[in-house]
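This report concerns only the one structure given below.
The values are calculated or read from the model by the stated rules, or taken from the named source; none is laboratory data. Note that the structure is a prediction, hence the values are computed from the model and not measured. Cβ: placed from backbone, ideal geometry, glycine included. Neighbour counts: every protein chain shown.
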Amino acid sequence: MSNKNIRVRFAPSPTGPLHIGGVRTALYNFLFARKNGGKFILRIEDTDQTRFVPGAEDYIIEAFKWCGIEFDEGVTKGGDFGPYTQSERKAVYKQYADELITSGNAYYAFDTAEQLSEKRAAFEAEKKTFTYNAAERLNMGNSLSLPKEEVERLLESGTPYVIRFKMPENEQVVMNDLIRGKVEVNTSVLDDKILFKSDGMPTYHLANIIDDHLMEISHVIRGEEWLPSLPLHVLLYRALGWQEPEFAHLPLLLKPDGHGKLSKRDGDRLGFPVFPLQWKDPKTGELSSGYREEGYFPEAFVNMLALLGWNPGDERELFDMEALIEAFSIERVNKSGARFDAEKAKWFNHQYLIKKSNIELAEAFMPILKEHHVLADKEFVTQVIALVKERATFVKDLWDQSFFFFVRPEEYDTKAVKKRWKAASYQQMTELKELLLNTEPFTASHTEEVVKKWIEENEYGMGMVMNAFRLLIVGALKGPHLFDIIALLGQEETVERISNGLLTLGKKE
Ligand code: GLU
């Protein structure tokens, strides 16, 4: 196939926030298009007006912006195949439904909601399930079962109807899926799906295949939940005399334990987001967390998603978007479901955090410092970041790892004091204060040399001195290399912290 003809699409229904599985589907489409020099289209499938949720479309568009997933055509971009919102294409669909009726592949059905539920109830009473299919269609009220004149009368009098697909009887449908290979289904297990509704709108199935055809989509890459619809879609293409696109159904995203599809509830229960951005339900006001608001970098989020269901064929794990485009292929998408791993998501974020420059992180950290009422010089913050970034997963973690650079300890960790503030500590720290007051230059390496020499000469315990020292500087037994800390704090601040600590902790009896 020549590359210029590769056209793929992501076709969400604006029924709520986009699940990360949907983001992954869009990402794979985007990577596939970019890799093959094709076009990527965003189409909004909003034919089911009862499920429309205000704000969902904007959410979807914003989520892709955040992720760096770009479209070439579609609701955000325009293009030669528009409009790209199905509710604006209403006029397009009816003629194809009519064409299917004329060719004998579809029929009018006049059954009312009441008649259908009576039918279902009658079947249930006999412990059977009613299906509108080849076996039952002649027992129903439609243009196949009713006399021609009656059908005409009903149509002329404006009686509401739907248009159903006339599923062929006992036909073996052979299909190809780029991930699964050959897929076969017998039509006897399929029903006569509604293609066109009484509200004048097509259903998903009809609108979807018409638009894929008219928009010249070459590859339909979508979630595995659509695999059961594939035979109907393929039969529709064939009934309309159209060449069907290639299909690839992506594996499901599974719960962390591998049992079942990853759902919103798993996220709430296990404490990780299942949506790219935070979402506030417009009806209930309920808030669902998002990767962006949790502090994930978009690059880390995208990298993590890319590897859920696809592998590069080697051990590499870190891919920016360019590298993903370069490495991506449908052949390497796995057949089996991909288990979501929240710890791995954090690992990716940490990897991207440590790759960022200290200045960039400092800039991202400045607003957090401000929230803590800390006024700090950016140069100083940059140096702090260099010492603590290895210990952080998110920018927001930097505060816990570094607050002691910005605020003097006022309290000292009680457990640490009990264990590490010994009878000799007061005397030793008083000596240390004198020593440091006279140490020049106050660099990490020089202070380290001087202090260690002093400990050795006095035969003090290294651990004992260093723990007490850390306690006075940090307030707890945490933080990076102590001599790096004091070098950044400077001589005056270091000595003052020792004095303060001596006053507060005093002599141990
Ligand atoms: N509108 C469908 C959805 O919301 C699109 C499925 C497809 O890609 O064919 O997932």
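Could you check how many residues of segment 285-319 are closer than 20 Å to L31 by Cβ and surrounded by fewer than 14 Cβ atoms within 10 Å (Cβ to Cβ)?
Here the count works out to 5.
Which of the following residues is at pLDDT 95 or above and either crowded, with 18+ Cβ neighbours inside 10 Å or touching a Phe, Trp or Tyr at 6+ places or on another chain (Cβ under 7 Å) (or both): G463, G479?
Exactly one residue qualifies, and that residue is G479.
Collect the residues in segment 1-20 that are assigned to a loop (DSSP other than H, G, I, E, B) and within 14 Å of the ligand (Cβ to nearest atom), keeping them in residue-number order.
Result: A11, P12, S13, P14, T15, G16, P17, L18, H19.
How about segment 342-454: which helices (runs of 4 or more DSSP H) wholly inside it have at least 2 residues that are among the aliphatic types (A, V, I, L, M)?
Qualifying helices (runs of 4 or more DSSP H): 342-355, 358-371, 378-388, 414-420, 425-437.
Say whether the condition of being within 16 Å of the ligand (Cβ to nearest atom) and under 22 Å from G74 (Cβ atoms) is met by at least one residue in segment 256-276.
yes
Can you tell which of V75, V23 is buried (at least 17 other Cβ atoms within 10 Å of the Cβ), over 29 Å from L254 (Cβ atoms), among the aliphatic types (A, V, I, L, M) and more than 11 Å from the ligand (Cβ to nearest atom)?
Only one candidate passes the filter, namely V75.
Here's the yes/no breakdown for (1) farther than 23 Å from L307 by Cα; (2) of a type in the set (A, V, I, L, M):
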| residue | (1), (2) |
| --- | --- |
| A338 | no, yes |
| K344 | no, no |
| H350 | no, no |
| S357 | yes, no |
| A362 | yes, yes |
| F365 | yes, no |
| E371 | yes, no |
| L375 | yes, yes |
| I385 | yes, yes |
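Could you list, in sequence order, the residues of segment 223-242 that are within 12 Å of the ligand (Cβ to nearest atom) and either acidic (D, E) or over 33 Å from the mean Cα position of the chain (by Cα) (or both)?
E224, E225, listed by residue number.
Which of the residues belonging to segment 26-49 are more than 10 Å from the ligand (Cβ to nearest atom) and part of a loop (DSSP other than H, G, I, E, B)?
N36, G37, G38
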